[in-house]
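Take a look at the structure set out below.
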Amino acid sequence: MIDTLLEKIRNGDEIALSKLITLMEEDEGVRKKVIKKIFACPVKGRIICFTGPPGVGKSTLIDQVLSILTSEGNKVGVILVDPRSPFTGGSLLGDRIRMQRHATNPRVFIRSLSCAENPEGVSRSVKDILKLMALAGLDYIIVETVGTGQIAVEVSHICHTTVLVLMPNMGDDIQMMKAGILETADIYVINKSDLNGAELTEAYLKDNVEKRDGWTPPIIKTVGYNRATVVPLVEKIKEHLSKESCRYREKVKGLLTTMFMDHLDELALKFLKNNPHFEKVVDEVAECKKDYYTAIEELFEKMKKEVLKDD
Amino acid sequence: MRRRILIAKVGLDGHDRGAKVVARALKNAGFEVIYTGIRQSPEQVVATAIQEDVSLIGLSCLSGAHIPLFRRVMELLKEKNLDVPVFCGGTIPPSDVPILKKMGIKEVFGPGSSLKEIVEKVKEMIGDDRYSS
């Protein structure tokens, strides 16, 4: 069935793309199968990530970017990630509202996803779904993430270009100096720059933006509902995309490292839970017989011996 | 589990309180709700249903134009070969309910419907496993 869907997707079938995205979202097995099948296929689609705190206008900016890119004849896919409730599992996917004028545009495919695994970044499945979308003959793929600023670094690993969207009065220069997402963005946007304080935010940012690998991240002031202010952003994105190759390799390295660590975490957890000593250690710590540092050191030593014995 | 639901407002109608309340209730019941916002054309609704691969569509209309608008949505779904159940709500006179049901709309929730009832019925409708392929 996957093969039939993939064939249809290559021929531009929207329904097939939509269906396979659902299957990939629900089933890790399908995800792995799809990626193994499609990974070596040449794709032209470039992935652009929009991230930033809630309410700064990411979706509205994407709406303008869509209208600019499609007016040039490009096909664009959009993935919108919103949080899923840790309590009910439910979610309200509301980014789409800002770009509904593109709903019937045959050059645009918009899909909303909820994300729980890692609420501050892109869930694992999103990364694979982006790969699938690249197969669908799209020129650009835009992903909007639940952006809470500092921790969403993982995003930058899967995208060719990362755009960080901020707005005036978000914090002083100390906020800008903190490590994290501020260091990973390729382009900075101060949206809602018709509000007071845009110049100050720009000045704070300018002080902290550094040249990396031959690229100095530009700072662009936009007003989401004013298309003319978004044109320079699209130009900068294209400029960056034309130069990203050297840094993209580093990004892939980051991605693989993250994936490896995730996989290792999973395996280690399974291994740990299956170990007969584990429950005993938990009880000892819960009853305050041992502190958790000692407990884990002892457990680690025990398990190490067991592994060596097995070999 | 399939649990994506589209909540859409069709036509020239800004009364979105009802749609938002229902969207929130469904979110709290554990569904993934995609809300289109107001003033959508039937074409936009159906295009969105395709791209979002939803298992259920909820239409809201308080302008009085529900019959022609909902009919167009049902026609487009058929044209696109989409077998997704549809329910609706809004200021719908009881005399229109049989007409809407005849179009293929599964449930009609008029003014005063309880959220509990809506959530129950949604669970029933989405349990329909006809489009699992």
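Scanning the stretch A:6-17 for residues that are surrounded by fewer than 20 Cβ atoms within 10 Å (Cβ to Cβ) and at the interface with chain B (Cβ under 10 Å from one of its Cβ atoms) gives A:14, A:15. For residue A:63, the conditions (1) open to solvent by less than 60 Å² (accessible area, probe 1.4 Å); (2) within 25 Å of residue A:260 (Cα to Cα); (3) more than 10 Å from chain B (Cβ to nearest Cβ) all hold with the exception of (2).
If we keep just the residues of the stretch A:115-155 that are closer than 26 Å to residue A:232 by Cβ, open to solvent by less than 10 Å² (accessible area, probe 1.4 Å) and modelled with pLDDT under 80, which is farthest from the chain's Cα centre (by Cα)? Step by step, filter the stretch A:115-155, then rank; the result is A:147.
For every residue, the table says whether it meets (1) touching a Lys or Arg at 6+ places or on another chain (Cβ under 6 Å); (2) over 23 Å from residue B:101 (Cβ atoms); (3) within 10 Å of chain A (Cβ to nearest Cβ).
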position: B:10; (1), (2), (3): no, no, no
position: B:29; (1), (2), (3): no, yes, yes
position: B:32; (1), (2), (3): yes, yes, yes
position: B:50; (1), (2), (3): no, yes, yes
position: B:57; (1), (2), (3): no, no, no
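Yes or no: residue A:81 in contact (Cβ under 8 Å) with a residue 40 or more places away in the chain, open to solvent by less than 20 Å² (accessible area, probe 1.4 Å) and in a loop (DSSP other than H, G, I, E, B)? Answer is no for this residue. Hey, does the stretch A:161-181 have a residue that's at pLDDT below 85 and surrounded by 21 or more Cβ atoms within 10 Å (Cβ to Cβ)? Checking the stretch A:161-181: at least one residue is at pLDDT below 85 and surrounded by 21 or more Cβ atoms within 10 Å (Cβ to Cβ).
Per this entry, residue B:69 is not counted among residues that are under 28 Å from residue A:115 (Cα atoms), more than 13 Å from chain A (Cβ to nearest Cβ) and in contact with a helix residue (DSSP H, G or I) (Cβ under 8 Å, 6 or more places away or on another chain).
Within the stretch A:124-145, being within 20 Å of residue A:15 (Cβ to Cβ) and in a helix (DSSP H, G or I) holds for A:125, A:128, A:129, A:130, A:131, A:132, A:133, A:134, A:135. Within the stretch A:100-116, being at the interface with another protein chain (Cβ under 7 Å from one of its Cβ atoms), touching a residue at least 24 places away in the same chain (Cβ under 8 Å) and among the aliphatic types (A, V, I, L, M) holds for one residue alone: A:110. Can you find a residue in the stretch B:69-81 that is of a type outside the set (A, V, I, L, M, F, W, C) and assigned to a loop (DSSP other than H, G, I, E, B)? Yes. Here the helices (runs of 4 or more DSSP H) wholly within the stretch A:230-311 that include at least 2 residues being β-branched (Val, Ile, Thr) and under 21 Å from the mean Cα position of the chain (by Cα) are A:245-274.
Scanning the stretch B:62-83 for residues that are closer than 18 Å to residue B:126 by Cα and crowded, with 21+ Cβ neighbours inside 10 Å yields a single hit, B:77. Take the residues of the stretch B:32-61 that are in a helix (DSSP H, G or I) and among the charged types (D, E, K, R): which is surrounded by the most Cβ atoms within 10 Å (Cβ to Cβ)? Filtering first and then ranking leaves B:52.
Given the structure, is residue A:45 in contact (Cβ under 8 Å) with a residue 40 or more places away in the chain, of a type in the set (Gly, Ala, Ser) and either under 23 Å from residue A:105 (Cα atoms) or open to solvent by 10 Å² or more (accessible area, probe 1.4 Å) (or both)?
On the way: in contact (Cβ under 8 Å) with a residue 40 or more places away in the chain: yes; of a type in the set (Gly, Ala, Ser): yes; either under 23 Å from residue A:105 (Cα atoms) or open to solvent by 10 Å² or more (accessible area, probe 1.4 Å) (or both): yes.
Criteria met by residue A:45.
The values are calculated or read from the model by the stated rules, or taken from the named source; none is laboratory data. All values derive from a computational prediction rather than experimental measurement. Cβ: placed from backbone, ideal geometry, glycine included. Neighbour counts: every protein chain shown. Note: accessible area is taken over every heavy atom of the protein model, side chains too, but ligands, DNA and RNA are not part of it. Shrake-Rupley method; radii C 1.70, N 1.55, O 1.52, S 1.80 Å.
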